[in-house]
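The values are calculated or read from the model by the stated rules, or taken from the named source; none is laboratory data. Computed from a predicted model, the values in this text were never measured in an experiment. Cβ sites come from the backbone with ideal geometry, for glycine too, and all protein chains shown count toward neighbours.
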Amino acid sequence: MFRRVTRREFVAGAAAGLTAAAVPAFGQAPAVAAGRSKPVVISSANGHQFKNGGDKTCVETAFARMIAGGDVLDALIAGVNIVELDPEETSVGYGGLPNAEGVVQLDSCCMHGPRKRAGGVAAIEGVRTPSLVAQAVMDQTDHHLIVGKGAQELARSLGFKIDLNTERSRAAWLRWKRETDPLHYLDPAKRQKAIRRVELQMMAEGIIEPRHFYGTINCNGVNAAGDVCGVTTTSGMAFKIPGRVGDSPILGAGLYVDNDIGAAGSTGRGEANLYGLCSFLIVEELRRGAHPKDAGMAALKRIKSNTVEKRLLNDRGEPNFGIDFYVLTNKGEHAGVTMYAGDNSAYACCDENGPRKIPLEPLLKGKA
């Protein structure tokens, strides 16, 4: 498909070319210009895992582009595109696990701190990089959130290729459907229990990776000038009810950015986060002077206190699900917190010292 290139795209492409020329050799920490803030990019752990056949991960790519002078949000989205396009990442973008009808529906939002603009899409089908569509909503419409068919038509009009499911994601859905379809006629309580049993079995067999059941990548960054941006993108809960939208595309829940303060984003059980708009809560805690870790813990404590339904509690009376927050100030301080620490609980970070993973700080002991 051929389409006319807009001036904005031409300028962005030229900037990307300049950025690529400035990217250091693989494994070499980029030089950082002095400024009022410490440049850094943080993300969920998958931001320093998937490379989509290249030699750099999300946080490496985003950081290199950012310090080369690129717009912070453009840099972050270029980073998460790597994860969205990698078919081996089954919780984000292309290859993300489908809904209960075998259709992949994706959600994303982004926020530009300096411009105080935001955009999002939800339940969009067929587009491999929903973060770019979310950015288009921000840049080319007067709206913050476009969903479903409308989001897909907007993407189509902008020249995005409409194509999703991989053989792996469809095979996982077929197994789930085959195991659970006879249960659709049971009463809701029995059906939910039986579906959960099947999902746990699929996790045990390696068909579903436990950390990918809820999915998502959140990526936030700040440059030397103190400009803060963020992006969150996901395929949502595996085998969800069609049309289900979690926290990822909702401003204040899956992501919130205030250029004067910092940014926060999440991965994990979206419904728990939506109830308290916890990314907004975290940024407000930062505004009151809290350290990033303490601000994140305040959100986890709020979720814990709001979780009262018996089906959502374990035998200790604590939440039986996981949720993580990634917190960044406009000075470059950051932290990652989680409800429970798993064997590999970590968040990704890239700064002048290079890319690495840092353990998440848990609120509660044990496992969900």
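Filter segment 312-368 for residues that are farther than 23 Å from G226 by Cα and of a type in the set (F, W, Y) and give the result.
F321, Y340
Can you tell which of G336, G322 is modelled with pLDDT under 95 and surrounded by 22 or more Cβ atoms within 10 Å (Cβ to Cβ)?
Working: G336 fails: modelled with pLDDT under 95.
Result: G322 is the single residue among G336, G322 that is modelled with pLDDT under 95 and surrounded by 22 or more Cβ atoms within 10 Å (Cβ to Cβ).
Scan (1) at pLDDT 95 or above; (2) under 30 Å from G243 (Cα atoms); (3) of a type in the set (A, V, I, L, M) for the single condition A68 breaks and write down its number.
Only one criterion in (1) at pLDDT 95 or above; (2) under 30 Å from G243 (Cα atoms); (3) of a type in the set (A, V, I, L, M) is unmet by A68, namely (2).
Checking R287 against (1) over 26 Å from S37 (Cα atoms); (2) modelled with pLDDT of 95 or more; (3) not small (G, A, S), which single condition isn't satisfied?
Condition (1) is where R287 drops out.
Determine, yes or no, whether V59 is assigned to a helix (DSSP H, G or I), touching a His at 6+ places or on another chain (Cβ under 7 Å) and within 29 Å of E167 (Cβ to Cβ). Give the steps one after another, and end with the answer.
Working: assigned to a helix (DSSP H, G or I): yes; touching a His at 6+ places or on another chain (Cβ under 7 Å): yes; within 29 Å of E167 (Cβ to Cβ): yes.
Yes; evaluated as a whole, the condition is true for this residue.
So which residues in segment 273-301 are farther than 19 Å from L360 by Cα and in contact (Cβ under 8 Å) with a residue 24 or more places away in the chain?
Answer for segment 273-301, where residues must be farther than 19 Å from L360 by Cα and in contact (Cβ under 8 Å) with a residue 24 or more places away in the chain: L274, Y275, G276, L277, F280, R287.
What pairs can you find where one residue is in segment 79-106 and closer than 17 Å to A171 by Cα, the other is modelled with pLDDT under 90 and acidic (D, E), and their Cβ atoms are less than 7 Å apart, with a gap of 6+ or different chains?
Final answer for the pair search is T90/E209.
For residues in segment 113-126 being modelled with pLDDT of 95 or more and either buried (at least 24 other Cβ atoms within 10 Å of the Cβ) or of a type in the set (G, A, S) (or both), which is farthest from E153 (Cα to Cα)?
Taking the candidates together, the pick is G113.
Just one of R156, R115 is more than 24 Å from A100 (Cβ to Cβ), of a type outside the set (A, V, I, L, M) and assigned to a loop (DSSP other than H, G, I, E, B); which is it? Give the derivation first.
Numbers: R156 fails: assigned to a loop (DSSP other than H, G, I, E, B).
Answer to the check: R115.
If you scan segment 65-77, which residues turn out to be of a type in the set (A, V, I, L, M, F, W, C) and surrounded by fewer than 24 Cβ atoms within 10 Å (Cβ to Cβ)? Can you show your working first?
Initial filter on segment 65-77 (of a type in the set (A, V, I, L, M, F, W, C)): 66-68, 72-73, 75-77.
Selection gives A68 alone.
For segment 62-82, name all the residues that are charged (D, E, K, R) and in a helix (DSSP H, G or I). Lay out the reasoning, then the answer.
So the first thing to find is which residues in segment 62-82 are charged (D, E, K, R), and the list is 65, 71, 74.
Within segment 62-82, R65, D74 qualify.
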